[in-house]
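Chemist: Take this structure, written in structure tokens, and hold onto it; I'll ask about it next.
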Amino acid sequence: PVIPYGIRGVIWYQGESSIARAWQYRTLFPAMIGEWRRLWNQGTFPFIFVQLANYKGGVSVPELREAQLLSLSVPQTGMAVTIDIGDENNVHANNKWDVGRRLALSALNVAYGRDIVYSGPIYKSMKKDGNSIRLRFRHIADGLASRNDKPLTGFTIAGKDSVFHEAHARIDGDEVVVLNPDVQNPAAVRYGW
């Protein structure tokens, strides 16, 4: 019923009911964005969304976060990352102020073209370096830093067997180096999984 009205853009806060369909979400979410744009027939209006926080709801939660990340390939989209401001024991993050601030920054860039720092680091690529993997990121502004200069946590690493092990991670310039001495031939890294 709201489709006849004008629209400037969308802010989408994903409900967790899609967690069980995380793999399908890789297709469903971009399709929904495209369908809304088609139905409104007002161009490629901005679509900015909140990535699920760090709620510990099983393996499907990080899979859905990954599907949301992949949706950034859709033009005129932006994402507010909330993994660092959520509550692992409560699916509804209490810190709505920072969620709103991050959405606003993304909107300023995506909808209004402002050249500002509107996102934290987003994975770009990886390169094997001996027994470690080096990760590169987009949106690093003045460089990578850990919160309060604390050690990096939440990284796991796997070899070709796809068995993930807790990993040591450190910042090296504009890269994060991830390793576990027990993984001699690393092939993959996960964060927040």
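The values are calculated or read from the model by the stated rules, or taken from the named source; none is laboratory data. Please read all numbers here as calculations on a predicted model, not as lab measurements. Don't worry about glycine lacking a Cβ; one is built from the backbone with ideal geometry, like all the others, and counts go over all protein chains shown. Heads up: the accessible areas ignore ligands, DNA and RNA and are worked out on the full protein's heavy atoms, side chains in. Shrake-Rupley method; radii C 1.70, N 1.55, O 1.52, S 1.80 Å.
Chemist: Looking only at the stretch 36-82, which residues are part of a loop (DSSP other than H, G, I, E, B), under 18 Å from Lys96 (Cβ atoms) and of a type outside the set (S, T, N, Q)?
Modeler: Leu52, Ala53, Tyr55, Val81
Chemist: Hey, another quick one. Considering only the stretch 109-127, state which residues are open to solvent by 50 Å² or more (accessible area, probe 1.4 Å) and closer than 17 Å to His139 by Cβ.
Modeler: Once the filter is applied, which keeps residues that are open to solvent by 50 Å² or more (accessible area, probe 1.4 Å) and closer than 17 Å to His139 by Cβ, the stretch 109-127 yields Gly113, Arg114, Asp115, Ile116, Val117, Tyr118, Pro121, Tyr123, Lys124, Met126.
Chemist: Still on this model: Would the stretch 131-140 turn up any residue that is among the small types (Gly, Ala, Ser) and under 20 Å from Leu70 (Cβ atoms)?
Modeler: No, the stretch 131-140 contains no residue that is among the small types (Gly, Ala, Ser) and under 20 Å from Leu70 (Cβ atoms).
Chemist: Among the candidates Ala158, Ala188, Ala167, single out the residue that is at negative phi, touching a Ser or Thr at 6+ places or on another chain (Cβ under 6 Å) and not hydroxyl-bearing (Ser, Thr, Tyr).
Modeler: Ala167
To keep it simple, each residue is scored yes or no on (1) without any contact (Cβ under 8 Å) to a residue 60 or more places away in the chain; (2) among the charged types (D, E, K, R); (3) exposed (fewer than 13 other Cβ atoms within 10 Å of the Cβ).
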position: Phe29; (1), (2), (3): yes, no, no
position: Ile33; (1), (2), (3): yes, no, no
position: Ala53; (1), (2), (3): yes, no, no
position: Ser71; (1), (2), (3): yes, no, no
position: His92; (1), (2), (3): yes, no, yes
position: Asn95; (1), (2), (3): yes, no, no
position: Arg102; (1), (2), (3): yes, yes, no
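Chemist: Let me ask another. Of everything in the stretch 91-126, what is farther than 16 Å from Ile11 by Cα and among the polar types (S, T, N, Q)? Give them in sequence order.
Modeler: Asn94, Asn95, Ser125
Chemist: Please report, ordered by residue number, the strands (runs of 3 or more DSSP E) entirely within the stretch 130-193 with at least 3 residues that are in contact with a Lys or Arg (Cβ under 9 Å, 6 or more places away or on another chain) and either free of Cβ contacts under 8 Å to residues at least 40 places away in the same chain or open to solvent by less than 30 Å² (accessible area, probe 1.4 Å) (or both).
Modeler: Filter on the stretch 130-193 gives 132-138, 155-158, 175-179.
Chemist: Are any residues in the stretch 83-125 in contact with a Gly (Cβ under 6 Å, 6 or more places away or on another chain) and assigned to a loop (DSSP other than H, G, I, E, B), and if so, which ones?
Modeler: Those that are in contact with a Gly (Cβ under 6 Å, 6 or more places away or on another chain) and assigned to a loop (DSSP other than H, G, I, E, B): Ile83, Ala93, Ala111.
Chemist: Go through the stretch 35-49 residue by residue and tally those that are open to solvent by less than 40 Å² (accessible area, probe 1.4 Å) and farther than 16 Å from Ala107 by Cα.
Modeler: The number of residues fulfilling the criteria is 2.
Chemist: Taking the residues in the stretch 1-27 that are free of Cβ contacts under 8 Å to residues at least 12 places away in the same chain and open to solvent by less than 100 Å² (accessible area, probe 1.4 Å) as candidates, determine which candidate is nearest to Val74 (Cα to Cα).
Modeler: That would be Thr27.
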